[in-house]
């Protein structure tokens, strides 16, 4: 039974940064079932058709659907070296049935090839007549293109990637018409009325409105899968063509940074981290955690965060890379440590106090 994707607010970049303009899930939804607001998104149960395209589009996996997770599909595959995945609307038969083939993200598709499992995707001939319309077909091609980029990486000593084909499908066996109608009615009832845990996880109550909301860092499944693709190569760089469906990015911080730390606080995965000691204030990038959600770019007020390379990204785990380092000094007036790029030995607070006292007593 297809269900509405679960939503976890603390993973959503709109929750992490109240002014984020991210609309990936809404843009890909063919049924206008996603409502955006400043603390996340709401899936409208009376409009959602359970295609799960929004799940594949979300880089932080704030939206999830168990049937299309790597863990679920790999359990179904077992020890086999060939597997057919079919979409539910087409009625095609397969080892696994998913809401829409476009909901299979590029990292999962590439992982099957890395494991030597030849994949067949059945039901694509139904796209033109599908209730999910052009959005489903576009998402399939989008993720296939990104999968091909990942599988085209030149990996010396690594075996050839297993194939992925679009298979001619056959209708799968179904129950009686009466059974199908009953299942359809149950699904409709649960969509309209249900608040069951299996349909939609209730989002945690939003705290008072703040531009940046704190939450524990995490690594989405797709990023773990991507990290595993080239793990055998160690830290040998694997550069792949940039693609929005690939959960990887390389950042630089240009001149003009105000050291406000907003990028670090807004990052949902902990890819940007702040390291401090008595001598320096540093921001480092852990590329094995970055999913290219771009919230750091949105929250940066001086607009000094930018991709390191316009055409390529490094897709495998590397050593932490220093993005910015600023000296720290001890204020000669208040004895506190402060960050400065200048020659002053007095912190900005004490400098301001001196100016204020001068205005009062002069």
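Annotation note: Cβ proximity below 9 Å between a residue of the range 204-231 that is under 30 Å from residue 116 (Cβ atoms) and a residue that is modelled with pLDDT under 90 and surrounded by 12 or more Cβ atoms within 10 Å (Cβ to Cβ) (sequence gap 6+ or interchain) occurs for 229/153; 230/153; 230/155; 230/158. Taken over the range 97-107, the residue count meeting the criterion of being in contact with a helix residue (DSSP H, G or I) (Cβ under 6 Å, 6 or more places away or on another chain), farther than 15 Å from residue 165 by Cα and not in a loop (DSSP other than H, G, I, E, B) is 3.
If only one of 284, 326 is farther than 17 Å from residue 246 by Cβ and crowded, with 16+ Cβ neighbours inside 10 Å, which one is it?
Values: 326 fails: crowded, with 16+ Cβ neighbours inside 10 Å.
Being farther than 17 Å from residue 246 by Cβ and crowded, with 16+ Cβ neighbours inside 10 Å holds for just one of 284, 326, which is 284.
For the range 3-29, filtering for residues that are more than 14 Å from the chain's Cα centre (by Cα), crowded, with 19+ Cβ neighbours inside 10 Å and within 19 Å of residue 132 (Cβ to Cβ) leaves 5.
Would you check which residues across the range 268-283 are without any contact (Cβ under 8 Å) to a residue 60 or more places away in the chain and either farther than 26 Å from residue 330 by Cα or in a loop (DSSP other than H, G, I, E, B) (or both) and list them? Break it down into steps so the answer makes sense when it comes.
Within the range 268-283, the first condition is being without any contact (Cβ under 8 Å) to a residue 60 or more places away in the chain, and the residues that meet it are 270-283.
Hits for the range 268-283 are 270, 271, 277, 278, 279.
In summary, residue 79 fulfils each of the numbered conditions (1) under 21 Å from residue 162 (Cβ atoms); (2) surrounded by 18 or more Cβ atoms within 10 Å (Cβ to Cβ); (3) at pLDDT below 95 with the single exception of condition (2). Scanning the range 96-155 for residues that are without any contact (Cβ under 8 Å) to a residue 24 or more places away in the chain and surrounded by fewer than 17 Cβ atoms within 10 Å (Cβ to Cβ) yields 128, 129, 141, 154. Looking at (1) within 25 Å of residue 8 (Cβ to Cβ); (2) touching a residue at least 24 places away in the same chain (Cβ under 8 Å); (3) not in a loop (DSSP other than H, G, I, E, B), find the lone condition where residue 328 falls short. Going through the list (1) within 25 Å of residue 8 (Cβ to Cβ); (2) touching a residue at least 24 places away in the same chain (Cβ under 8 Å); (3) not in a loop (DSSP other than H, G, I, E, B), residue 328 breaks only (1). Looking only at the range 223-243, residues that are under 21 Å from residue 273 (Cβ atoms) and under 13 Å from the mean Cα position of the chain (by Cα) come to 3 in all. Restricting attention to the range 62-76, the residues that are without any contact (Cβ under 8 Å) to a residue 24 or more places away in the chain and crowded, with 18+ Cβ neighbours inside 10 Å total 0. Of all the listed residues (257, 296), the sole one being crowded, with 17+ Cβ neighbours inside 10 Å, outside the structural domain of residue 18 (by TED's automatic domain parsing), over 27 Å from residue 221 (Cβ atoms) and in contact (Cβ under 8 Å) with a residue 40 or more places away in the chain is 257.
Of the residues screened, residue 59 is not one that is free of Cβ contacts under 8 Å to residues at least 60 places away in the same chain, part of a loop (DSSP other than H, G, I, E, B) and out of contact with any strand residue (DSSP E or B) (no Cβ under 6 Å at 6 or more places or on another chain). Only a single criterion out of (1) within 25 Å of residue 225 (Cα to Cα); (2) out of contact with any helix residue (DSSP H, G or I) (no Cβ under 9 Å at 6 or more places or on another chain) is not satisfied by residue 335, namely (1).
Filtering the range 44-56 to residues that are surrounded by 22 or more Cβ atoms within 10 Å (Cβ to Cβ) and touching a strand residue (DSSP E or B) at 6+ places or on another chain (Cβ under 7 Å) leaves 54, 55.
For residue 214, state whether it is at pLDDT 50 or above, surrounded by fewer than 16 Cβ atoms within 10 Å (Cβ to Cβ) and more than 27 Å from residue 299 (Cβ to Cβ).
Here the answer is no, as residue 214 does not meet what is asked.
The values are calculated or read from the model by the stated rules, or taken from the named source; none is laboratory data. Here the structure is a predicted model, which means the values were calculated and not measured. Methodologically, a virtual Cβ is constructed for each residue, glycine included, from the backbone with ideal geometry; neighbour enumeration extends over all protein chains shown.
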